[in-house]
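Presented below is the structure to which this report refers.
The values are calculated or read from the model by the stated rules, or taken from the named source; none is laboratory data. Everything numeric in this text was worked out from a predicted model, so none of it was measured. We place every Cβ from the backbone using ideal geometry, glycine too, and count neighbours over all the protein chains shown. Ligands, DNA and RNA are stripped out before the accessible areas are found, and what is left, the full protein with its side chains, is counted by its heavy atoms. Shrake-Rupley method; radii C 1.70, N 1.55, O 1.52, S 1.80 Å.
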Amino acid sequence: MSQIASKLREVIGRNLRKPEATLIGRIIKKYGLEKKNRVIELEAVRLCDVQPDYKVLEVGFGPGIGIEATYNIIKGGNGKVYGVDFSEEMVESATKRVNEGISNGKVELHHADVANMSFLKSNSFDRVFHCNCYYFWPDLTLAVNELNRVMKPGAVMVTTMNYERLKKIQSKGYFDKCGNIDMNRYLSALQSGGFQEVKLKSFKHESSGINIEAIIAQKLEN
Ligand SMILES: C[S@@+](CC[C@H](N)C(=O)[O-])C[C@H]1O[C@@H](n2cnc3c(N)ncnc32)[C@H](O)[C@@H]1O
C-alpha cells in the first residue's frame, strides 16, 4: 500500500513539474493549473505592469492563462508575447487558448527548456514572468543567467506563487524526486545573476483570499 502511495506521489510530482498527456496530467491541468493557479498567473501579469508596446516572456506558461492575459493587453499596441515551456502537452493546450494571437503574429510559443533559449534575442524583453516554476529547475544559476540574457537592461522579472500551498505539497512528499521549493536558492541565484532591487512581497488576493508571494527583480542597467 505504501509503495502504491509513494508511486502515486512520484507521478503527481512529475506531472506538476511537466504535465503529461495522461489522466493525472489532465486532472492537474484542469483543477490545479487552470483553476487554482489562475489568480497567481493574473497577479504576475498585473505586477509586471505590461504596456501595449512591451515585449513580454513567460516561462513555464502551462495552459496559457498568463499568456492570454498578456496578449489581451498588447494586442492593441506594438507589443508581442513569447512563451517557453518544456511540456508538449502544455504547449498544445496554450496554443488552443491563444490561437488568435498566434495567427496574427502577436504570440509565439516555444517548446523548450528555460536553460536553453538560444532562439530568443539577447537584451530584448521589457518584462519576464514565471509562476509556480523555478523550484523545478535543476540548475537555477543556468536558468537565471539565461533569463537575464534575454532581458533589456533595467527590465523587470516577476515570479508569483502561493508558498503556503507549496510547503504543504512538499511536506506530503510530492516534490521529493522533482523539486526544491527553497525560496532562498532562487533569491540568491538572482542576486548573483545580474539582478538588483530583488524584493519579496506577500499579500492576500482580495477576491479569492489566496495568499500570494511575489519576487520582483530588475536586471542591472548597463
Ligand atoms: C506547476 S506548472 C505551472 C504552470 C503555470 N505557470 C501555473 O502556474 O499554473 C510548471 C510549468 O513549468 C513548466 N516547466 C517546468 N520546468 C521547466 C523548464 N526547465 N523549462 C521550461 N518549462 C518548464 C512545466 O512544463 C509546467 O508547464
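Identify all residues within the range 43-62 that are in a loop (DSSP other than H, G, I, E, B), more than 11 Å from the chain's Cα centre (by Cα) and within 14 Å of the ligand (Cβ to nearest atom); write none if there are none.
Correct list: empty.
Within 10 Å of the ligand (Cβ to nearest atom), modelled with pLDDT under 95, under 21 Å from I24 (Cβ atoms) and open to solvent by 20 Å² or more (accessible area, probe 1.4 Å) - does that describe any residue in the range 123-132?
Going residue by residue through the range 123-132, those that are within 10 Å of the ligand (Cβ to nearest atom) are 129-132.
The next check asks that each one be modelled with pLDDT under 95; those that pass are none.
No: zero hits.
Just to be sure I understand, how many residues within the range 190-222 are assigned to a strand (DSSP E or B) and either closer than 22 Å to I40 by Cα or of a type in the set (F, W, Y) (or both)?
Within the range 190-222, the subset assigned to a strand (DSSP E or B) is 195-204, 211-219.
Checking the rest, the ones that are also either closer than 22 Å to I40 by Cα or of a type in the set (F, W, Y) (or both) come to 195, 197-204, 211-218.
Number of matching residues: 17.
Please go through the range 63-80 and give me each residue that is assigned to a helix (DSSP H, G or I) and within 13 Å of the ligand (Cβ to nearest atom), ordered by number.
Those that are assigned to a helix (DSSP H, G or I) and within 13 Å of the ligand (Cβ to nearest atom): I65, G66, I67, E68, A69, T70.
Are there any pairs with C-beta distances below 8 angstrom linking a residue in the range 192-217 that is on the phi > 0 side of the Ramachandran plot to a residue that is polar (S, T, N, Q) and part of a strand (DSSP E or B), with the two at least 6 apart or on different chains, and if so which?
Here the result reads E197/Q218, each pair linking the range 192-217 to a residue that is polar (S, T, N, Q) and part of a strand (DSSP E or B).
Mind listing whichever residues of the range 25-37 are under 19 Å from L166 (Cβ atoms) and surrounded by fewer than 17 Cβ atoms within 10 Å (Cβ to Cβ)?
Once the filter is applied, which keeps residues that are under 19 Å from L166 (Cβ atoms) and surrounded by fewer than 17 Cβ atoms within 10 Å (Cβ to Cβ), the range 25-37 yields I27, Y31, K35, K36.
Among the residues of the range 162-177, is any within 23 Å of E221 (Cα to Cα) and under 16 Å from the mean Cα position of the chain (by Cα)?
Step one: list which residues in the range 162-177 are within 23 Å of E221 (Cα to Cα), which gives none.
Within the range 162-177, not a single residue is within 23 Å of E221 (Cα to Cα) and under 16 Å from the mean Cα position of the chain (by Cα).
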